[in-house]
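For reference, the structure is listed below as C-alpha cells.
The values are calculated or read from the model by the stated rules, or taken from the named source; none is laboratory data. None of these values were measured; they are calculated from a predicted model. Glycine also receives a Cβ, built like all others from the backbone with ideal geometry; neighbour counts cover every protein chain displayed.
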Amino acid sequence: MLLEVRDLHVEFRTRDGIAKAVNGVSYGVDAGRTLAVLGESGSGKSVTAQTVMGILDVPPGRITGGEVLFEGRDLLKLKEEERRTVRGAEMAMIFQDALSSLNPVLTVGDQLAEMFTVHRGMSRRDARARAVELMDRVRIPGARERVKQYPHQFSGGMRQRIMIAMAMALEPKLIIADEPTTALDVTVQAQVMDLLADLQREYDMGLILITHDLGVVADVADEIAVMYAGRIVETAPVHEIYKAPAHPYTRGLLDSIPRLDQKGRELYAIKGLPPSLTAIPPGCAFHPRCPLARDVCRTDEPPLYQVGDTRGSACHFWRECLHD
Amino acid sequence: MPEEPYEPERAIAGTGMGGTMDLGASEAATLEKTPGGPDGTGPQDKPRSLWSDAWHDLRRNPVFLVSGLVILFLVVISVRPSLIASGNPLHCDLAKAQEGSQAGHPFGFNGQGCDVYTRTVHGARTSVLVGVLSTLGVAVLGSVLGGLAGFFGGVWDAILSRLTDIFFAIPVVLGGLVLLSVITSNTVWPVIGFIVLLGWPQISRIARGSVITAKQNDYVQAARALGANSSRLLLRHITPNAVAPVIVVATIALGTYISLEATLSFLGVGLRPPSVSWGIDISAAAPYVRNAPHALLWPSGALAITVLAFIMLGDAVRDALDPKLR
Amino acid sequence: MGRYVIRRLLQMIPVFIGATLLIFLMVNVMGDPIAGLCGDRECDPATAARLRREFGLDKPVWQQYATYMGNVFTGDFGTAFNGQPVTELMGTAFPVTIRLTIIAVVFEIVIGITLGVLTGLRRGRPVDTAVLLLTLVVISVPTFVTGLLLQLLLGVKWGWIAPSVSSDARVDELILPGLVLASVSLAYVTRLTRTSIAENRRSDYVRTAIAKGLPRRRVITRHLLRNSLIPVVTFIGTDVGALMGGAIVTERIFNIHGVGYQLYQGILRQNTQTVVGFVTVLVLVFLVANLLVDLLYAVLDPRIRYA
C-alpha cells in the first residue's frame, strides 16, 4: 500500500465543547489507484485529508490516535522538518477554491517556481523555466506569457489547472484532491477532472479524491469510502456500490441523485440533518435518520462488517440493505 | 475596483482621534466553523436578536463589567462630587504649595496650594460632561447626515463625501487651537461645539457605509419591490442595521473626546481656570514636576483610567455586537 | 494609472480649497489678523488702518482668501509677527518636524510591526494578552500625559536625556519626542498588524504554502507577511500627514522649535499669515501622502487596478 490510514482519531476544541471530527477512520490507496472519499460537509473527509498532509491546524485540532503510514513509515511520528520535506515533494494537495488558495500578490510563475527552488535547490531561472513547462503540461495556452500574471487574471478552470500544476511539480507519489471541481462551472468540471485523471495515469500516482459528487466518482474512482460523522460507513469497489449499496446512508445518497431513466419519480431525500460533532448520537451515528434503525442501533456502535471479499459496511443490517 | 482602499484606517489617520480600528482583545482559539464540525453545517441555535445576544455576551464579559463599574463610579462622582470630596476645589492656600500627602489631603497640594484630591475628584465632571455631550452631538449629527446621504445618494452624497474629506484634512488639535484660542469662555460649550464640528465626519462615514450596506440587503430590496416607501424603509429596515456600528464607534470615540478636551485644556485653549479640568491641572503641574510630581500624576492617572474605561467599554460592546467576530 | 492620478489630483483641489478656506475663515473671523503685527503692543489706529489696507483686509473675506492663495502660489506666504517672511520660518521649522516625523515613523515600523507579528502569530498566549493590554493603555493615555511622564522619568528623575531639546534639534535629542509622537499610532500599528496576521494565517493560500512543504520561515515572510502588511503600510503612509499636524503637543512638551511651535506662536499672537501658511502646507502634505498611499496600494496589491 502506498498510503494507509489506520484508526485515525482527530478532535477540535470549540466553543461548544470537543468536536469529534474523525473517529477511527481507516483507508488506503495504492499507486496508480484512485480512492474516492464521499460524504456530506462535516463528515470528516477533509479533516482526515489534512491530517494525512500534515496541515491540520493544531490547535484547535488535535490528533488523539491512529497512524498514517506512507510507504510503510508513520508520518505522525516524524519530526516537523522531516514531515515538511514529504509535503509537496512526495504527496501534494489540490484545494477546492483555487482563487483563495493561490497567493493573490505573487505571480503564478513565482508560486510554481517556488517548489523547485525550495525543494530542489534550483536557480530561479531554471525554476522559472520549469514553471512554464508545468503550465504547458496542464494545457494552459500561452504559458510563456501568462507565467508572469497573477491568480486573479486567470479563469476559474485555469486557476485550478495551476493548482494541479503546482501539485504535480515534483511528481509526487500521492495526490489528495479536496473537492477539486466543486467551485467550477459544470462545463469546466469535466475538463479539469479529465486532466487530473490523465496525469494520474501518466505518472502512476495514487489519488485520493474527496468529493460529495457521486457523478464525478463513478467516472474516475476505483474504490469508494463513504464517511458519516467522522466514521467510514461503507467501503467498496466503485462499480459494486452503484449496483447495490450495503449501507442505508449510501443508499440514501444514491437515491437522491436525479436520474434520466426515472423521470417523473419524486427525488428521495435523507430525512433530518447530520449530527453536531460535539454531540454524536450513541450507537450508530446514523440511526436518527435511518429508515432501518432498530433498538440495537441506538445502543451498539456497528463495526465495519466484512461484506464479501472486497467490501465493508458499518451497518448492523447490511444484509437487509444489500438485498433490499 | 475600490477607489479608496482601506477606508477605516484613513478615517483614523485623518482625525487623529479615531477608534474604528480593531481593538478586538479576546479571541480564544475557537474553531470558526462550528457546530457540525470543521467543514460543516449543523443544527442551528435558536434565533436570538442581535441585541439580546449582545447583552447576553456582555454580562459575562469581565472587561465590560470592570469598565462599566469604573464609568458608573465616574458618573456618580461627576453628579455629586461632594459624596467623596467635600472640599472646595477652588480653595487654595499658597502657603501649602507643592506640599506632599498629609492628613486630610491624601494627594497633597499643587503649585498653587490647591488640594489635589479635591480637584481631581471635581475634574471628573468636566471630562464626563464633555465626553457624553460631544458624543451625543457627534452621533446625532453624523448619523443623520451620513444616513441620509447614504440612503438618497446622488448629489447630496457627493457633497457630503467631499465635505468629510475637507474635515479629515484638518489636523484636529490644530483646528482646536485656532478656533478656541479666541473664545474666552469658562463653560464647556465651546469645546463641545468644536468637537462636534470636527468629529461628525467620522460617524457620518460609518453611518453612510452601513446604510449603503443595509440598503443592498435582499430583504430591503424585497421590501422596496413590495412598495414600501422611503421613510418606512429607513425607519423599519435600515436604521436598526446601521445603529450598531455607530454605537460602537461612538463609545470608543467618547474616550478619545475626553482625551481631546484634556489636550486642548493642556494647551490652554480648552477650558480655562477657574474651571476645574484634569487637562488644566496637568498643564499647571508641569512646571513644578521636579518638586511636586504628585500634582501631575494624580490627575494624569484619573484621566488615563477614564479614557481607558470608555475605550474598553466600546471594545467590549463592539465584540458583542459584531457577530462576525464570534 | 495616469488617468487615475489626474482624477485624484482634480479631486484634491476642492478638498484643498475647502480645508484652507475653513482655516482661513476660522482665523479671520475669530481673530484679529493684524493683532501682533506691531510686535507685542497694540497697533495704534492709524497704523492699524494702514495695515488693513495694505493686507487688503477691508475687502470681502473671499477676496482676501483669493489674494492670499494667489500669493501663496507665487511663493509668498506673507510675514510673521516678528517681521520675518513666513517662508523663512518654514525653512527652519519644517526640517525639525520632518526629522521628528521620520523618527516616529521608524518607531512605528520597527516596534509596531515587530510586536504585531509576534502577537499575531501567538494569539491567545500570555505575550499576546500582555502586549494587547499595553497597546490599550498607550492608546488611552493622552499623548501629552505620556510625554510629560516620560520626560519626568527619563529626563528629570533618571537624567538619561535632556528634558528639553536644543534649538538645533539633533536626531539624538529627538528620539524620545519621536517615540512620544509615535506612541498612539504605534499601538494602532501593533493592533492592525496583529489582526491582519491572525486573519491571513488562517487563509487558504497560507494553507497552500504549508502544503507545498515550504519551511515555516518562508511561509511567514514570503506569503503571510507580504499580504498582511499591505493595510499596515497604507496606515503608516496616511499617518505621516497626521503626525506632522499632531506634532504640536509633542513639540510643546519638549520645547522643540518645529512646525507645531511656530503654529502655536502664530496662534498666540493671532498672526493669520503664519497660521494659514503652515496649515496650507500641512494640508497639502496630508493630501499628497494620501494620494501616494493609494498608488502604493496598487503596487503592493496587484488585484487593485485604478482606471
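Structure summary
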item: Filtered residue count, segment A:29-41, keeping only those that are within 11 Å of chain B (Cβ to nearest Cβ) and either in contact with a strand residue (DSSP E or B) (Cβ under 7 Å, 6 or more places away or on another chain) or under 15 Å from residue A:13 (Cα atoms) (or both); result: 1
item: Extreme residue, farthest from residue C:258 (Cα to Cα), among residues of segment C:124-154 that are crowded, with 18+ Cβ neighbours inside 10 Å and small (Gly, Ala, Ser); result: C:140
item: Selection within segment C:155-204 - β-branched (Val, Ile, Thr), at pLDDT 85 or above and surrounded by fewer than 19 Cβ atoms within 10 Å (Cβ to Cβ); result: C:175
item: From B:318, B:326, residue being modelled with pLDDT under 75 and closer than 22 Å to residue B:51 by Cβ; result: B:326
item: Yes/no for residue A:293 being assigned to a strand (DSSP E or B) and among the aliphatic types (A, V, I, L, M); result: no
item: Pairs, first more than 7 Å from every other protein chain (Cβ to nearest Cβ) and on the phi < 0 side of the Ramachandran plot in segment A:90-106, second surrounded by fewer than 24 Cβ atoms within 10 Å (Cβ to Cβ) and of a type in the set (Ser, Thr, Tyr), C-beta under 7 Å, six or more apart; result: A:96/A:182
item: Residues located in segment A:108-124, provided they are facing chain C (nearest Cβ under 8 Å) and not charged (D, E, K, R); result: A:115, A:118, A:119
item: Options B:178, B:191: the member that is within 14 Å of another protein chain (Cβ to nearest Cβ) and assigned to a helix (DSSP H, G or I); result: B:178
item: Matching option when the condition is part of a helix (DSSP H, G or I), within 24 Å of the chain's Cα centre (by Cα), of a type in the set (Ser, Thr, Tyr) and away from chain C (no Cβ under 14 Å), among B:161, B:143, B:127; result: B:143
item: From the options C:207, C:269, C:216, residue that is surrounded by fewer than 18 Cβ atoms within 10 Å (Cβ to Cβ) and not small (Gly, Ala, Ser); result: C:216
item: The lone exception for residue A:33 - which of (1) farther than 19 Å from residue C:206 by Cα; (2) crowded, with 21+ Cβ neighbours inside 10 Å it fails; result: (2)
item: Enumeration of residues in segment C:50-82 that are hydroxyl-bearing (Ser, Thr, Tyr) and surrounded by 17 or more Cβ atoms within 10 Å (Cβ to Cβ); result: C:65, C:68, C:79
item: Residue list for segment C:58-77, restricted to those being modelled with pLDDT under 80, touching a Lys or Arg at 6+ places or on another chain (Cβ under 8 Å) and within 15 Å of residue C:21 (Cβ to Cβ); result: none
item: So residue C:292, is it assigned to a helix (DSSP H, G or I) and more than 19 Å from the chain's Cα centre (by Cα); result: no
item: Where a residue in segment C:7-24 is more than 14 Å from residue C:290 (Cα to Cα) and its partner, wherever it lies, is outside any helix (DSSP H, G or I) and at pLDDT below 85, with Cβ under 8 Å and at least six apart; result: C:19/B:170; C:22/B:170; C:23/B:170
item: Any helices (runs of 4 or more DSSP H) falling wholly within segment A:115-225 and containing at least 3 residues that are in contact (Cβ under 8 Å) with a residue 24 or more places away in the chain; result: A:124-137, A:156-168, A:186-203, A:214-220
item: Selection status of residue C:298, buried (at least 24 other Cβ atoms within 10 Å of the Cβ) and part of a helix (DSSP H, G or I); result: no
item: Unique match (being in contact (Cβ under 8 Å) with a residue 24 or more places away in the chain, surrounded by 23 or more Cβ atoms within 10 Å (Cβ to Cβ), within 12 Å of chain B (Cβ to nearest Cβ) and farther than 18 Å from residue C:104 by Cβ) among C:275, C:259, C:293; result: C:275
item: Residue in segment B:260-278 that is outside any helix (DSSP H, G or I), facing chain C (nearest Cβ under 9 Å), without any contact (Cβ under 8 Å) to a residue 60 or more places away in the chain and of a type outside the set (Gly, Ala, Ser) present; result: no
item: Residues satisfying the stated conditions in segment A:170-221, i.e. farther than 20 Å from residue A:99 by Cα and of a type in the set (Asp, Glu); result: A:171, A:194, A:198, A:202, A:204, A:213, A:219
item: Residues (at negative phi and not in a helix (DSSP H, G or I)) located in segment B:221-248; result: B:226, B:228, B:229
item: Selection within segment A:97-150 - of a type in the set (Gly, Ala, Ser) and surrounded by fewer than 19 Cβ atoms within 10 Å (Cβ to Cβ); result: A:100, A:121, A:123, A:129, A:142
item: Top-ranked residue in segment A:272-312 [being away from chain B (no Cβ under 14 Å) and among the charged types (D, E, K, R); ranked as nearest to residue A:251 (Cα to Cα)]; result: A:311
item: Residue match in segment C:237-260 (condition: within 16 Å of the chain's Cα centre (by Cα), among the aromatic types (Phe, Trp, Tyr) and at pLDDT below 90); result: no
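Quick grid of which residues meet (1) surrounded by fewer than 22 Cβ atoms within 10 Å (Cβ to Cβ); (2) on the phi > 0 side of the Ramachandran plot; (3) among the hydrophobic types (A, V, I, L, M, F, W, C):
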residue: B:163; (1), (2), (3): yes, no, yes
residue: B:179; (1), (2), (3): no, no, yes
residue: B:188; (1), (2), (3): yes, no, yes
residue: B:204; (1), (2), (3): no, no, no
residue: B:208; (1), (2), (3): no, no, no
residue: B:219; (1), (2), (3): yes, no, no
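Every residue, every condition in (1) assigned to a helix (DSSP H, G or I); (2) out of contact with any strand residue (DSSP E or B) (no Cβ under 9 Å at 6 or more places or on another chain); (3) more than 12 Å from chain B (Cβ to nearest Cβ); (4) free of Cβ contacts under 8 Å to residues at least 40 places away in the same chain, yes or no:
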{"residue": "C:131", "(1), (2), (3), (4)": "yes, yes, no, no"}
{"residue": "C:135", "(1), (2), (3), (4)": "yes, yes, no, no"}
{"residue": "C:164", "(1), (2), (3), (4)": "no, yes, no, no"}
{"residue": "C:177", "(1), (2), (3), (4)": "yes, yes, yes, no"}
